[in-house]
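Derivation of every value follows stated rules applied to the coordinates shown; laboratory data play no part. Computed from a prediction, not measured in an experiment: that's the story for all the values here. So basically every Cβ, Gly included, is an ideal-geometry build from the backbone, and we count neighbours across all protein chains shown.
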Amino acid sequence: MRANFDSLRSVARRGIVATLAYGLGASLSVSAMAAEPGEAKLPQLDIQTYPSQIFWLIIAFIVLYFLVSKIAVPRISEVLSEREERIADDLDKAETLSKEAEQVRAEYEKALAEARDKAHAATREAQEAAAKSGAELEAESHAKISGMLKDAESRIAAARAEAVGNVRSVARDVAGDAVSKLIGVQVAEAEIDKVIDATMEARS
Amino acid sequence: MASPVEQFKLKPLLPLEVGGLDLSYTTSALWMTITVIGVTAFLTLSMRGGRLVPGRWQSMAEMSYEFIAGMVRETVGNEGRQYFPLVLTLFLFILFGNLMGMIPYAYTFTSQIIVTFAMAFTIFVGVTILGLVKHGTHFFTLFFPSGTPIALAPVLIPIEVISYFVRPVSLSVRLFANMMAGHTMMKVFGGFVVALGIFGVAPMVLIVALTGFEIMVAVLQAYVFAMLTCMYLNDAINLH
């Protein structure tokens, strides 16, 4: 507005200078005309016309003043203020709407973040559970397998002891029988056991 | 060939005499009437719809309104509000008078010194009374702004007083001389067009340019008149 006003003023200044120069030329030509013999002077200087002009000027101006101030100005200012109000209203509405939209967006983002957190938590839980059950299962099967191994080992040891025991009694019977058959001497079982023990010790 | 100032002669249309005074309705009065009708039509017919989104005519009426409202607000301030209709009327009256005077065969009442002087003098008197009523004797500080060295008083006060009392003259002569000079010039060159026959094309071209220039002067002088009125109002209301 300020700049607009200044530029208007500079235009006005330039215009005034131009019109002054221009008016000077025109008035020179006017005075040249007036110098001609028989020519009347300027009609504007004819005092006879003044009362009529002043009279009609007053009437015209007062009438126009009333028309402008009582009819035109209120009407225009009404339209202008109506428009201003309407624009302000629209701006207000736009602001509330944008605020609402902002709120909705914030809510949406919050919900989104919550959902993401929940999903993260669920994933972590599932992972943890899986890892735990895996470890348990492993430990269980480990324990089972080692139990089975132990069992098997003890069974093998028992079978072996039994087998060794059988061998001893067979060997004692066979050795006793063989000695009595060969030399007809009954050897005491304790004696045979001693020999068997010594033999088995030497063999093993 | 008729004198180029012949055009300013008034023709009585309806003779009227009151108490020995000739108050005839003349061409000048006729064009004042047309101006009043034109301004009223311009301001009211264009606003008849009062549309939210203005059309061309409505825009122009609103622009004139806002232009003068802005001028009053910026030069006089808030206290100038009540003088806004007056300044708007002055501006539009002079503007339409000047512009309608550009219509061929129309009469330009603003080319009459008595008309412009009557307006300027009324403004001068009105503004002076306003200043005196509002500020009393304090109004005379207008002639000697505070903060000026007292030694300058003998020089400054006469200058200020003279420039103050010369206001109605400068205000009225500015408008009158511009209008008269422009129309005289056009008439002179118009005479050349007729006198030169085929070579009259050259002044003819000049007249076309002059017409454009004159329309600018018409608007500009209305603006200057309204602007100076605002400044005088400001002096009276705010004392500089």
Note to self: Charges on Cβ only, +1 for Lys and Arg, -1 for Asp and Glu, centred on the Cα centroid of the stretch B:6-238; of B:G131, B:M179, B:M47, which one is farthest towards the dipole's positive end?
What the structure shows: B:M47
Notebook entry, point to check: Taking the Cα centre of each part, how many Å lie between the stretch A:133-179 and the stretch B:15-90?
Noted result: 129 Å
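Which order, highest average first, do A:58-66, B:149-157, B:190-198, A:43-51 follow once you tally other Cβ atoms within 10 Å for each residue and take the mean per peptide? Don't jump to the answer; show the numbers that get you there.
Values: A:58-66: 17.0, B:149-157: 10.3, B:190-198: 12.7, A:43-51: 15.2.
Final packing ranking: A:58-66, A:43-51, B:190-198, B:149-157.
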Next item on the list: Give the residue from B:L90, B:V217, B:G200 lying farthest towards the positive end of the charge dipole for the stretch B:6-238; charges sit on Cβ (+1 for Lys and Arg, -1 for Asp and Glu) and the dipole is referred to the Cα centre.
Entry: B:G200
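Under 13 Å from the Cβ of A:R86, count the other residues' Cβ atoms, weight Lys and Arg +1, Asp and Glu -1, and hand me the total.
On the way: positive: A:R83, A:K93, B:R51; negative: A:E78, A:E82, A:E84, A:E85, A:D89, A:D90, A:D92.
Value of the local net charge: -4.
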Next item on the list: Give the peptides B:92-101, B:229-238 in descending order of average Cβ contacts within 10 Å, highest first.
Entry: B:92-101, B:229-238
Margin query: Using a Cα-Cα cut-off of under 27 Å, which lysines could be cross-linked to A:K118, ignoring same-chain neighbours fewer than 8 residues away?
Written below: A:K110, A:K132
Checklist line | Size of charge dipole - the protein assembly as shown - debye, nearest 20, with Cβ of Lys, Arg +1 and Asp, Glu -1, no other charges | finding: 2060 debye
Checklist line | Interchain or long-range residues, amide H under 5 Å from B:L13's placed H | finding: B:Y25, B:T26, B:T27
Notebook entry, point to check: What ranking do B:172-183, A:109-120 get when scored by the average of other Cβ atoms within 10 Å per residue, highest first?
Noted result: B:172-183, A:109-120
Check: Other chains' Cβ within 10 Å of A:147-153 residues: what's the mean?
Finding: 0
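Let's see if you can work this out: charge +1 on each Lys and Arg Cβ, -1 on each Asp and Glu Cβ, no other charges. What is the dipole magnitude of chain B about its Cα centre, in debye to the nearest 20?
Numbers: 11 positive and 10 negative charges, 66 e Å.
Dipole about the Cα centre, nearest 20: 320 debye.
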Margin query: Students often forget the sequence filter, so: which lysines lie under 20 Å Cα-Cα from A:K41 once same-chain residues fewer than 8 apart are removed?
Written below: B:K9, B:K11, B:K187
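Using a 10 Å cut-off on Cβ to Cβ distances, tally the other chain neighbours for every residue of A:72-82 and report the average as a whole number. Can you show the working numbers first?
On the way: counts 14, 8, 1, 8, 13, 4, 2, 10, 7, 0, 2.
Mean inter-chain Cβ contacts per residue within 10 Å come to 6.
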